[in-house]
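Just so it is clear, none of the values below were taken in a lab; they were calculated from the coordinates. All values derive from a computational prediction rather than experimental measurement. Heads up, the Cβs are rebuilt from the backbone with ideal geometry, glycines too, and the neighbour counts pull from every protein chain shown.
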Amino acid sequence: MRRVLMTQDDKKVVIDTKSDDCLYSSPVNPPNTGTTYTRGSNLYAHKARSGNIYLYFHHWSMWQGSEDSYCLCTKEEAEQFLLEKLGNSGWDSLEESEAEQAEKDYGFELLTETA
């Protein structure tokens, strides 16, 4: 489904979760988790016609009466989100292969040691 988001300088970004690259997809109520994963945040990258890349979150919930929301984010916010998911274990973790893909395609520095 296509949606329009506005940048801070009032430019329109037409996003589409079906065709934009999903960098992280929250688990959706996997088996034996009860109600643990009934809401989440997915991270997408949209390549605009201009060549610019826009990152955005899709916040969703399975709870009745809740509406999905979408918001643009900075590369720093996206990287912090991915690092948090990379540090998790279990259903909501970011796989190493996904981190490597985000580094290769979008220039994130997720697996580069800075200590």
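Extension gain for residue 64-residue 11 works out to 15.8 nm (0.36 nm per residue, less the C-alpha to C-alpha distance). From the Cα gyration tensor of the chain, with a ≥ b ≥ c the square roots of its eigenvalues, which class applies: rounded if a/c is under 1.5, or else prolate if a/b is larger than b/c, or else oblate? Verdict is oblate for the chain.
Each of residue 48 and residue 112 was given a label point 7 Å from its Cα along the Cα-to-Cβ line. The distance between the two points is 2.5 nm.
Projecting the Cα atoms of 50, 78, 88 onto the dipole axis of segment 2-106, where Lys and Arg carry +1 and Asp and Glu carry -1 at the beta carbon, places 50 farthest toward the positive end. Stretching residue 71 away from residue 29 to a fully extended chain increases their span by 12.8 nm, per 0.36 nm per residue minus the current alpha-carbon distance.
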